[in-house]
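The values are calculated or read from the model by the stated rules, or taken from the named source; none is laboratory data. Owing to the predicted nature of the structure, the values given are computational and were not obtained by experimental measurement. Counting neighbours? That spans all protein chains shown, and the Cβs are built from the backbone with ideal geometry, glycine included. Surface accessibility is based on the protein's heavy atoms, side chains included, excluding ligands, DNA and RNA. Shrake-Rupley method; radii C 1.70, N 1.55, O 1.52, S 1.80 Å.
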Amino acid sequence: MDEDQTTEYEISSLNELIVELHKVFSEDLVNVDHVKTLLESYQSKTSHWKKYVHFDPYRYTRNLVDDGNERFNLMLLCWGEGHSSSIHDHSDAHCFVKVLSGHLKETLYDWPGPPKAPTDVSTTSKRKQHPNEVDTKPMKQKDMRWYSKDQVAYINDSMGLHRMENPSHSDRTVSLHLYSPPFGSCNMFDERTGQKKTARMTFWSRPSKGSGQLELNDAIFLGY
């Protein structure tokens, strides 16, 4: 995709947005500004996306909207009052977030420090450290941003890690997330120590093939 390409869109529905996204991601290169412009051009209306909305009282939910022909995943996240994600990465994918209703707070973090050098067991009796372990210390917060309806955020792993949350304790939030390429797991990080663990992600609901209906996932594990 031409990095200097600028296009003005008139997107009147979520379905039109999906059609345009398929066109954009039919090419091999992702122009981040182009995708952000496309997402910003869509003005959210509840009637366009309410069929994908599923709230849980204890955690936010991830609801697949379109699988993007395996080039991207487009999903609706439903955040109850005060719900938040963990601190997480994006498995080397692009991450776009558009607020459809309510507000989101994004907290950005630096990556944890490099692994400690393994202990020389020939000179000490201490346990030899696993090479993937990091020096345990609190993670460094580097920025905080707030997003309102129709605003768009973007992050990739070269920019660091983040946590998203609904800052309101009285209102719900709904957001549209696009990940390219799609990924099924990511790393979550402990804010106090920087230690990470890998988490698998699934969907609370997803379109049923051929029927246009949504399938609900009863045995769900939200990865981040």
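Taking the conditions (1) at pLDDT below 90; (2) closer than 25 Å to D56 by Cα in turn, T123 satisfies each one other than (2). Residue pairs whose Cβ atoms lie under 8 Å apart, separated by 6 or more positions or on different chains, with the first residue in the range 143-155 and over 25 Å from D92 (Cβ atoms) and the second of a type in the set (K, R) and surrounded by fewer than 19 Cβ atoms within 10 Å (Cβ to Cβ), are W146/K105. Counting only residues that are touching a strand residue (DSSP E or B) at 6+ places or on another chain (Cβ under 7 Å) and in a loop (DSSP other than H, G, I, E, B), the range 27-67 holds 7 of them.
Of the strands (runs of 3 or more DSSP E) lying entirely inside the range 162-206, not one carries at least 3 residues that are open to solvent by 60 Å² or more (accessible area, probe 1.4 Å), in contact with a helix residue (DSSP H, G or I) (Cβ under 9 Å, 6 or more places away or on another chain) and touching a residue at least 24 places away in the same chain (Cβ under 8 Å). It is to be established whether one or more residues within the range 76-85 are part of a loop (DSSP other than H, G, I, E, B), open to solvent by less than 50 Å² (accessible area, probe 1.4 Å) and among the polar types (S, T, N, Q). Within the range 76-85, one or more residues are part of a loop (DSSP other than H, G, I, E, B), open to solvent by less than 50 Å² (accessible area, probe 1.4 Å) and among the polar types (S, T, N, Q). If you filter the range 212-224 down to residues that are open to solvent by 60 Å² or more (accessible area, probe 1.4 Å) and out of contact with any His (no Cβ under 9 Å at 6 or more places or on another chain), you find that the one that is modelled with the lowest pLDDT is A219.
Per-residue answers, yes or no, for (1) among the polar types (S, T, N, Q); (2) open to solvent by 50 Å² or more (accessible area, probe 1.4 Å); (3) under 15 Å from L176 (Cβ atoms):
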site	(1), (2), (3)
D67	no, yes, yes
G102	no, no, yes
D110	no, no, no
G113	no, no, no
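Got at least one residue in the range 14-26 being assigned to a loop (DSSP other than H, G, I, E, B) and exposed (fewer than 12 other Cβ atoms within 10 Å of the Cβ)? Within the range 14-26 (the criterion being assigned to a loop (DSSP other than H, G, I, E, B) and exposed (fewer than 12 other Cβ atoms within 10 Å of the Cβ)), the answer is yes, since at least one residue qualifies. It is to be established whether one or more residues within the range 156-169 are among the aliphatic types (A, V, I, L, M), modelled with pLDDT of 95 or more and touching an Asp or Glu at 6+ places or on another chain (Cβ under 8 Å). The answer is yes, given that some residue of the range 156-169 is among the aliphatic types (A, V, I, L, M), modelled with pLDDT of 95 or more and touching an Asp or Glu at 6+ places or on another chain (Cβ under 8 Å).
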